[in-house]
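Right, one structure below, let's go through it.
What follows is calculated from the coordinates using simple rules that are stated; it is not laboratory data. All of these numbers come straight from a predicted model, not from anything done at the bench. Here the Cβ is made from the backbone with ideal geometry for all residues, glycine too, and neighbour counts use every protein chain on show.
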Amino acid sequence: MHMRHISKSFGATQALDDVSLSIYPGEVHALIGENGAGKSTLIKVMTGIHQPDQGEILLDGRPLQIRNSAAAQDHGIAAIYQEPVIFPDLNVAENIFISHRDRGAIVRWGRMHKDAATILAKLDVKLDVRMPARGLTLAAQQAVEIAKAISLKVRVLVMDEPTSSLSAHEVAQLFKLISTLRNQGVAILFIGHRLEEVLEIADRVTILRDGKWISSALRSQVTTEQVIQDMVGRQIEDFFAKSQAERGDLLMSVRGLSKENVFSDINFDVYRGEVLCFAGLIGARRTDVGLALFGVEPADAGHITFAGKEVKIHSLEQALKLGIAYATEDRHRFGLAILMSVATNITLPTLRRYLTALGLVRQSDEYATAEEYRQRLSIHAPSVKVEVGRLSGGNQQKVMLSKWLNAGPKLLILDEPTRGIDVPTKAEVHHMINALAAQGLGIILISSDLPEVLAMSDRVLVMREGRQMGLFDRKAATQEKIMTAAMGQNRPAMEAQP
Amino acid sequence: AAPTAAPTVAPTKAPTVAPTKPAGPVKATPGKAVKMTLLPKFLGILVFDQTHRGAQEAAKELQNPEPLQYLGPTPENMVAGQIEIITAAVTQGQDAIMISNGGGDELVPAAKAAREAGMTVVFWDSPIPSGEGEQVFVAQVDFNETGKVLADMALSIMGAEGGKFAVISAAPDTANQNAWIAALKDVLKKPEYAKLQLVEIAYGMEQAEINYDKTLALIDKYPDIKLIMPITASGFPSVCKALQDEGYCGKEGEEPKVVTTGLGLPSELVSYTMNGCAPKFALWSFVDFGYLTYYTTYLLATGAIKGEIGEQFEAGRMGTYTIEKDPTREKGLRVKMGPFSIYDKTNIEEAAKE
Amino acid sequence: MSALRRYFRPEQVRELVLVFLIIVLALFFGTQIRDYYTGRTFIRISTSVAIIVVVAMGETLVVLTRNIDISVGSIVGFTAYFVGTQLARHNDIAPLVAVLMAIGIGAAMGLLNGILVAYGKVPSILVTLGTLAIYRGILVNYSGAKTVVANSLPQWVINLSSMNIFSIGELDFRLLVGLALAVVVFFQLMLTYLPYGRRLYAIGCNPDAARVAGFPSQRIVLVAFVLCGALCGLAGFMYLARFSNITVVAAQGMEMSVLAAVVVGGVSIFGGSGTVIGALLGATMIGLLEQSLIRWLVISEFWRRALLGLLILLAVEGDAAIMNRLRKLWARSELQMAPKQENQ
Amino acid sequence: MARSATSPAGGRNLLLGAWERLKSWEGLLLGVLVVIVIINSLQAPAYLSIRNQTNLFQLFIEKIIVALIMTFILINGEIDLSVASVMGLAASTLGRLYELGVPIEAAFLIGLAVGIACGLLNGFMIAYAGLPSLVVTLAGMIGYRGLAYILLEDRFIGNYPEWFSRLGQQPLIGPFPLALVIFFVLLVGAIIVLQYSAFGRYVYVIGNSREVARYSGVKVRRVKMALFIVSGLVAALAGLLYAARLGSVRGSVAEGFELDIITMVLMGGVNMYGGAGSLYGVLLSILIILNLRNGMSLINLTGHVQTGVIGVLLILSVLAPNLARNIQATLNRRRMRHLAGTLSEAQESP
Ligand SMILES: Nc1ncnc2c1ncn2[C@@H]1O[C@H](COP(=O)(O)OP(=O)(O)OP(=O)(O)O)[C@@H](O)[C@H]1O
Ligand SMILES: Nc1ncnc2c1ncn2[C@@H]1O[C@H](COP(=O)(O)OP(=O)(O)OP(=O)(O)O)[C@@H](O)[C@H]1O
Ligand SMILES: [Mg+2]
Ligand SMILES: [Mg+2]
């Protein structure tokens, strides 16, 4: 399959500018680029969701008009999109087969359930195929998406950041599967931000920057450094900065925090200037602990001391008042008002600061603040007045971070803050975390990215299925130890209770 | 409490004594340009259409060079819609408007404003209860007489032993039908009607399905009911259809268990009269009604008559009429058309052809 | 317990509750109304529900796709009137032709709705709010203020509504009721066993996903509107057969009863969940209430309307509150089960 | 950093905003309005008279008052179908109490209180019990209307004190009757609150996403609750004004008004699903509907035909921009292709 001279613009944004790309059977082709480089747009052109302004697509050397995703499917092109697209009221099996057109005129439920179970087994995912997809975790949704794509008889399979919410174990499983498909002669286009992963699986690498094609090369002919350099157009020495903040006073101490059927007996302390990482596999209920501390889904039992006072966090307002902020992992549902401007989003939790005596909003101040963050976090947006929905995924993430930084919290809970963020931005976020810690903030960093956990943490709390499996000091923490605890093989005693 | 009113004489087609104007009834001068609007309660039912036909006939006879406007609101928006149309007529510079009041006193401000703007405002079919803002009300029949006619028909159908019957009206807030019901209740107090037992008044809201369902509910609720009396012409056929569907009347070779009487249009009820479902019912001619209304309004608008008690005028083919104090309301003048035509097997087929 | 939860979704629990409520209501009215348990009551309720149910089927299809059709009353009225005038003018039109004409006209009106919604991308509530007024306006103009009266219709139309399929004692099973049930069964099967039916659910619960999922979601929505229109056409014909006297306001306001039936029956107004059986139960419950309240001696006309309103308010709001609970309960138990399975 | 709200920057923004708006949906509405006004004034000379222009507001005044608060509710992502029934219930309460001998002033206040009570119930069900507003207010629409019928049955209550009817019908300030004055005061207040206050900002954000607002510390429930209470209050006020204007009250007062009200708001460019829209658009759409209806009455289009035309307008108001966007996109693509073609030729030729 060849894509030639593809261009696409959205209003003033030139998302793709004369991009060409060839994908060959039996090969994994990695597409890499910064946030907003145009990767997602390119594959949406491939699958007929967007029509290109110019350029052509050739399959087997014949030019092709892909009007919609059904047409793409007819040509054997299937895609997994960056944001999982799930039908919550249909069950898992239906979700997998809903768009198939070769399964006869009548739905045979029994066969469908069996087939779905078979496919999921291949992925080594344990899900009840009769459950409605409502309430599946992001990871499970992602797994269903993958199952859906591979159940089609595909010739070209596109995966837009399929691993962004998967844990190491699931990623391994997925890669095994990709290899199998590759051996069957399927052409695979793979998009990802975790470089080491991408480079592990890829046979060929193409790099986009600002909607332009930069380079294409065989994997064997490029180095990681080269790739990064091409991506950003400049040299980057070090993208996992180490925290060097001084540990301050005790900020919060949590004892025996429990919520029925969700998590139980969580114990930890956070000091000012410290980064406490929550590690674990998907479904470890780290998010739920975060939500409990933020007062959204309060815990039912346990003691919390915050800044020296015993407190009960039962509402979000109260958490905010105490100085606890939580940046969600699911920015579309909980993080950003997509139709509102960047500025509006950034000042939302702190709007009170921008009011006149009459309760009216001082918009100039608001814009000034937003502008400040746009520059500090280098948010790529034409202005702070554009709608957040028009930014790329990574830039949206930065807007969400700005929003909480502007609240000036004492404790900042970051849930997967670097998910779906490109490498340079990731580095920026890490620098920022360090800077914040240096200012005396306590930070809880929930992350599934093990290298990130090891690099960023002062201490690591490992969870599994709602239970605390261990708390490691930075020095004591190794990849093996964390994984062992997260997988639940043994349950080491609290090694590093300070 | 009935106001003290002059006792009603019932002068119908015959000219009566005219004390104030010995010169005899006023005649219309044809050919004057009067912009006139005919405003029914709402558009889309036959009786108002017939009124329109009658008014057009009069317009032609009077050689009014201005075309007659026939405008109406939607049924669910009767009151507000009528106010809107009256207001627009003022803006358009219309000379006269003929209104069948779709509500109660809500039209008063709009009607008053029209009067102030120099328009002639005549009501027909359904008056303004308080009489405010209205110049003359053209009544189809005497509202008190309606009560008697209805009761008489019921009596003649149910016979001396009497029995239970129920009334179906259009809506709880229809001024004319409420007046008829009140009159009927008054009449029923008399000893000769003592055996007639009015058990319920139901409302069909001018919709076929509601009339239909209400009829059946009445039958279920009063298993010994003998008669259903729709006093709304548009609901009458649905009542008959319901009875016939459920085999209460009109079944070949069977004595009907429940029958109907009331106010209905012959052309809509022929088959039911012939099969015994609606053996007898009454109505007036809506064509004549429109004709008379137009004449009255034309005369008022051209200044031929002033709208004072006792004035007499000639309404073309229909003869002479007198403006009188409306005995059924505390205030207000009326011109009474009348009389009822009673339809049964003997005359319905002829009448239905109209 | 887990098997029970797997096979009884909250939606099904709700349907059972609805059946239970209907029984309770029937028992209650039995104590209040003389001669309640008779063939008459059955006939009244079943025939009055028959027309509503057919329209409710169409509405269900549309609501499943997270759309709404409030022009149904106008479509029913228009087809009833149009077919009525045609039959009055040409008494010799064959029954089947008349039915097909009604369905065809309804489908055409549904097609316009569907095109505007699916391809014009105008929200369905706006489209059908507009066509509700437009179709009625066309009818008023077309009719020239005439009405269709039973007198002028061929005899078979008038007799249709009292025709029985069979009777058990005094329990008459009317032809129109049979027709409605056939429609219900057909659409229940369609929604469970045809890919088309499943995709209606898919579109409703996540329209954005449907757009990229690789099935023609625009066409599916269009067809849902066309089917809804066609069913309204059929209902229009049934309306003509039952009432035979058609004015321009025929079936005005029917959308309210239909929506109430659909909502009470558990079809989510936000699309993606609900069944036609539910809609049938909803319609039955409302029909039962209406017909029984009309007969209940102590209740006057005004109180009847008021009480009906309050009951719908209670039913809908109370029921929705319970559904939320149930959904949460189910969701929680799933979370409990999911990690355990991983251990196996 | 403290700057007053009337800073030069703010002023420029306002101007800029006005210009932006001119090019957009509001600009289109304005164009349509101008066309209608021109046609109307050609139709009837009396159309432009102050009297007719006030009349035209007067005829719809209750609906347009309620349309203001409905704008807030739709932007907030909810809907209130019960407004017309609340209008009816408040008016019926007034009628019933007056009939029982309660002084009209007290009856008026109790009528308003009833409106607030309805709003409270709606708001509680929506904000705290978490039920969809469509369902809650649909039920309210049926239920409150039922209560109005219970109060008045088949009666209609008139004969209010002279001053009460005068209030509804006669000019109060200049040619404007009370209701019209109230409307303009509410309009200015609504624009300030929605467009420039924190509360207005929250209304928009919640309309965008309830969850996002909640996770940002916005008191979502309180905002929704407040909106529905105010909606109940304003609807009751409108109902009472309607009673004063008509000089009589009955159970069916204002039946069916909700559709007109919602049409006005949606045609003003307010997003069906919340989060976007402005009062300027709604104001224009109100003016369009008033003048259009008046114009149609002047050329003798009434009843169902009028509502039919409004229906067409409603659909066109959303369809037209959609079509325009599609055509624009296609044209753009064509132009780009063409451009690319000539460019590549130019490159290849030398
Ligand atoms: N529907 C749209 N409307 C307007 N602009 C868009 C739209 N979709 C994408 N863009 C813009 O196009 C550019 C490319 O976006 P795209 O989503 O393809 O980036 P990406 O490479 O996938 O980034 P990320 O890694 O953050 O997902 C961005 O500037 C984005 O703002
Ligand atoms: N923002 C949220 N609000 C409410 N519930 C949430 C939210 N995010 C996640 N959940 C729920 O929390 C539970 C656990 O989520 P999840 O599987 O993401 O675990 P986790 O430990 O947070 O994993 P990770 O953070 O690595 O993705 C799930 O039931 C999920 O639906
Ligand atoms: Mg992307
Ligand atoms: Mg999580």
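Given contacts defined as C-alpha pairs under 8 Å and at least six residues apart, what's the relative contact order of region A:344-498, whole-number percent?
On the way: 158 pairs, mean separation 23.8, N = 155.
The value is 15 percent.
Pulled fully out, how much extra length does the chain show between D:Leu109 and D:Ile50, if you take 0.36 nm times their separation in residues and subtract their Cα-Cα distance? Don't skip to the end; give the middle numbers.
Values: separation 59, 0.36 × 59 = 21.24 nm, distance 3.23 nm.
So the extension gain works out to 18.0 nm.
Would you list A:His75, A:His332 from fewest to most Cβ contacts within 10 Å? Show your work: numbers first, answer last.
On the way: A:His75 19, A:His332 15.
So the ranking, lowest neighbour count to highest, is A:His332, A:His75.
Can you list residues whose amide H is under 5 Å from A:Lys8's amide H, if they're 5+ apart or on another chain and H is modeled 1.01 Å from N?
The answer is A:Ala15, A:Leu16, A:Asp17, A:Asp18, A:Asp53.
Go from 0 up to the bin containing the longest alpha carbon distance in region A:2-231, width 10 Å each, and give me the % of pairs per bin.
In order of increasing distance, the bins hold 8, 33, 36, 19, 4, 0 percent.
What order do you get for A:418-431, A:183-196 when each peptide is scored by the mean count of other beta carbon atoms within 10 Å, highest first? Before the final figure, lay out the partial values.
Details: A:418-431: 21.7, A:183-196: 19.1.
Ranking, from highest mean packing down: A:418-431, A:183-196.
Cα gyration tensor of region A:369-458, axes a ≥ b ≥ c as square roots of the eigenvalues: rounded (a/c below 1.5), prolate (a/b > b/c) or oblate?
Because a/c hits 1.5 or more and a/b fails to exceed b/c, region A:369-458 counts as oblate.
Rounded to the nearest 0.05, what FRET efficiency is calculated for D:Glu153 and A:Arg111 with R0 set to 56 Å and r the Cβ-Cβ distance? List each step's numbers first, then the result.
On the way: r = 62 Å, r/R0 = 1.11.
Efficiency for this residue pair is about 0.35.
Can you work out ³J(HN,Hα) from phi for every residue in region B:311-324, in order, using Karplus 6.51 cos²θ - 1.76 cosθ + 1.60 and θ = phi - 60°, giving whole Hz and x for Gly and Pro?
5, 10, 8, 9, 10, x, 5, 8, x, 9, 10, 10, 7, 9
Using the Cα gyration tensor of region C:122-187, with a ≥ b ≥ c the square roots of its eigenvalues, what is the shape: rounded (a/c below 1.5), prolate (a/b larger than b/c) or oblate (neither)? Present the calculation step by step, with values, prior to reporting the outcome.
On the way: a/c = 4.44, a/b = 1.48, b/c = 3.00.
Here region C:122-187 falls in the oblate category.
Mean 1/r over all different Cα pairs, inverted: what Kirkwood radius does the protein assembly as shown give, in Å?
On the way: mean 1/r = 0.0276 Å⁻¹.
Across the protein assembly as shown, the inverse of the average 1/r is 36.2 Å.
Starting from the coordinates of the alpha-carbon atoms of chain A, obtain the Kirkwood hydrodynamic radius over all distinct pairs and give the value in Å to one decimal. Don't skip to the answer; put the middle values down first.
Numbers: mean 1/r = 0.0417 Å⁻¹.
After inverting the mean inverse Cα-Cα distance, the result is 24.0 Å.
Compute the label zone of D:Leu172 within region D:72-96: residues whose backbone N is under 11 Å from the point 7 Å along Cα-to-Cβ.
Once the point is set 7 Å along Cα→Cβ of D:Leu172, nothing inside region D:72-96 turns out to lie under 11 Å by backbone N.
Taking the highest mean first, how do the peptides B:333-344, C:56-67, D:171-182, D:98-109 order by number of other beta carbon atoms within 10 angstrom per residue?
C:56-67, B:333-344, D:171-182, D:98-109
Kindly provide the helix-only [θ] at 222 nm of the protein assembly as shown, computed as the sum of -39,500 (n - 2.57) over DSSP H runs of four or more divided by all residues, to the nearest 500 deg cm²/dmol? Provide the component values of the computation, followed by the final result.
Working: 54 runs with 802 residues, N = 1546.
So the helix-based figure for the protein assembly as shown works out to -17000 deg cm²/dmol.
Among A:Thr287, A:Thr137, rank each residue by its count of other Cβ atoms within 10 Å, from fewest to most, as a rough exposure measure.
Details: A:Thr287 22, A:Thr137 15.
Neighbour counts put them in this order, fewest first: A:Thr137, A:Thr287.
Take peptide C:238-244, look around each residue's Cβ out to 10 angstrom, count Cβ atoms belonging to other protein chains, and average those counts.
The mean count of partner-chain Cβ atoms within 10 Å per residue comes to 4.
Of the peptides B:318-325, D:244-251, D:119-126, how do they stack up when ordered by the mean number of other Cβ atoms within 10 Å, highest first? Numbers along the way, then the final one.
Working: B:318-325: 19.4, D:244-251: 26.6, D:119-126: 23.1.
Sorting B:318-325, D:244-251, D:119-126 by mean packing, highest first, produces D:244-251, D:119-126, B:318-325.
As I understand it, the dipole of chain A uses +1 on the Cβ of Lys and Arg and -1 on the Cβ of Asp and Glu, about the Cα centre. Which of A:His303, A:Thr47, A:Ala437 lies farthest toward its positive end?
Result: A:Thr47.
May I ask which residue of C:Ile246, B:Leu243, D:Leu259 lies farthest towards the positive end of the charge dipole of the protein assembly as shown, with charges of +1 (Lys, Arg) and -1 (Asp, Glu) on Cβ and the Cα centre as origin?
Final value for the positive-end residue is D:Leu259.
Only four residue types carry charge here, +1 at the Cβ of Lys and Arg and -1 at the Cβ of Asp and Glu. Report the dipole size of chain A about the Cα centre in Debye, rounded to the nearest 20. Walk me through the numbers before you get to the answer.
Numbers: 57 positive and 57 negative charges, 156 e Å.
It works out to roughly 740 debye.
Just to confirm my numbers, what's the Cα centroid distance between region C:230-245 and region D:95-147 in Å?
When both Cα centres are located, 37 Å separates them.
Work out the FRET efficiency for A:Asp124 and D:Val34 from their Cβ-Cβ distance, taking R0 = 60 Å, and round it to the nearest 0.05. The partial results should precede the final answer.
Details: r = 67 Å, r/R0 = 1.12.
It comes to 0.35.
Modelled label-to-label distance, A:Asp18 and C:Lys121, 7 Å Cα→beta-carbon offset: nm?
3.0
With each pseudo-label sitting 7 Å past Cα toward Cβ, what's the B:Lys251-C:Val19 distance in nm, one decimal?
It is 3.5 nm.
Relative contact order, percent, of region A:2-231 when contacts are C-alpha pairs under 8 Å separated by at least 6 residues? Before the final figure, lay out each step's value.
Values: 420 pairs, mean separation 70.0, N = 230.
Reported as a whole number, the value is 30 percent.
Mind checking the full-extension length gain between A:His2 and A:Thr180? Use 0.36 nm per residue of separation minus the Cα-Cα distance, one decimal, nm. List each step's numbers first, then the result.
Numbers: separation 178, 0.36 × 178 = 64.08 nm, distance 2.29 nm.
My answer for the length gained is 61.8 nm.
Looking at region A:83-237, what % of its DSSP beta bridges pair antiparallel, to the nearest 5? Write down the numbers at each step before the final one.
On the way: 7 of 12 bridges.
Around 60 percent of the beta bridges assigned by DSSP in region A:83-237 are antiparallel ones.
So, R0 is 56 Å and r is the distance between the beta-carbons of C:Asn159 and B:Ile309; what FRET efficiency does that work out to, to 0.05? Show your work: numbers first, answer last.
Working: r = 55 Å, r/R0 = 0.99.
The calculated FRET efficiency here is 0.50.
What share of all Cα pairs of region A:299-417, in percent, falls into each consecutive 5 Å distance bin?
Result returned by the calculation: 2, 11, 20, 21, 18, 13, 8, 5, 2, 0.
About its Cα centre, what dipole magnitude does chain D give when the only charges are +1 on Lys and Arg Cβ and -1 on Asp and Glu Cβ, stated in debye to the nearest 20?
Working: 25 positive and 16 negative charges, 173 e Å.
Its charge dipole is roughly 820 debye.
Quick one: what are the phi-derived ³J(HN,Hα) couplings along region B:194-209, Karplus 6.51/-1.76/1.60 with θ = phi - 60°, whole Hz, x for glycine and proline?
Once θ is set to phi - 60°, the couplings for region B:194-209 become 4, 7, 7, 10, 7, 8, 7, 10, 10, 10, x, 6, 6, 10, 4, 5 Hz.
Classify region C:3-126 as rounded, prolate or oblate from the Cα gyration tensor: take a ≥ b ≥ c as the square roots of its eigenvalues, call it rounded if a/c is under 1.5, otherwise prolate when a/b beats b/c and oblate if not. Walk me through the intermediate numbers first.
Values: a/c = 2.81, a/b = 1.27, b/c = 2.21.
Note, shape of region C:3-126 comes out oblate.
Diagonalise the Cα gyration tensor of region A:236-486 and give the resulting equivalent ellipsoid semi-axes, square root of 5 times each eigenvalue, largest first, whole Å.
On the way: eigenvalues 172, 93, 54 Å².
They are 29, 22, 16 Å, listed largest first.
Can you compute the equivalent ellipsoid semi-axes for region B:42-112, i.e. the square root of 5 times each eigenvalue of the Cα gyration tensor, sorted largest first and rounded to whole Å? Kindly include the intermediate steps, with their values, before the conclusion.
On the way: eigenvalues 94, 53, 18 Å².
Over the Cα atoms of region B:42-112, the semi-axes work out to 22, 16, 9 Å.
Return, ordered by residue number, the residues of region D:157-176 whose backbone nitrogen is under 12 Å from a label point located 7 Å along Cα→Cβ of B:Glu330.
Under 12 Å, as judged by backbone N against the label point of B:Glu330, lie D:158-160 of region D:157-176.
Simple spin-label model, 7 Å along Cα-to-Cβ: B:Ser341 to B:Ala194 in nm?
Spacing of the two 7 Å Cα→Cβ label points: 3.8 nm.
Taking the DSSP beta bridges in the protein assembly as shown as the whole, what percent of them are antiparallel, to the nearest 5? Kindly include the intermediate steps, with their values, before the conclusion.
On the way: 60 of 131 bridges.
Around 45 percent of the beta bridges assigned by DSSP in the protein assembly as shown are antiparallel ones.
So who's got an amide H within less than 5 Å of the one on C:Gly271, skipping anything under 5 residues away but keeping other chains? H placed 1.01 Å off N, in plane.
C:Arg66
What average number of partner chain Cβ atoms lie no more than 10 Å from the Cβ of the residues making up B:242-251? All intermediate terms of the calculation are to be shown ahead of the outcome.
Details: counts 3, 0, 6, 13, 7, 2, 0, 0, 0, 0.
Average neighbour count from other chains, rounded to a whole number: 3.
Using alpha-carbon pairs under 8 Å, 6+ residues apart, how would you state the relative contact order of chain D in percent?
Rounded, it is 30 percent for chain D.
Quote the charge dipole size of the protein assembly as shown about the Cα centre in Debye, to the nearest 20; the model charges only the Cβ of Lys and Arg (+1) and of Asp and Glu (-1). The partial results should precede the final answer.
Values: 140 positive and 132 negative charges, 339 e Å.
Once rounded to the nearest 20, the dipole reads 1620 debye.
Return the average number of partner chain Cβ atoms within 10 angstrom of each residue Cβ along peptide B:128-138. Spell out each step's value before the answer.
Working: counts 0, 3, 4, 0, 2, 0, 0, 0, 0, 0, 0.
Averaged over the peptide's residues, the number is 1.
Taking neighbour Cβ counts within 10 Å as the exposure measure, how do D:Cys118, C:Cys205 sort from fewest upward?
Values: D:Cys118 29, C:Cys205 25.
Fewest-to-most ranking of D:Cys118, C:Cys205: C:Cys205, D:Cys118.
Name the residue from B:Leu227, B:Gln92, A:Gly135 whose Cα lies farthest towards the positive end of the charge dipole of the protein assembly as shown, charges +1 on Cβ of Lys and Arg and -1 on Cβ of Asp and Glu.
A:Gly135
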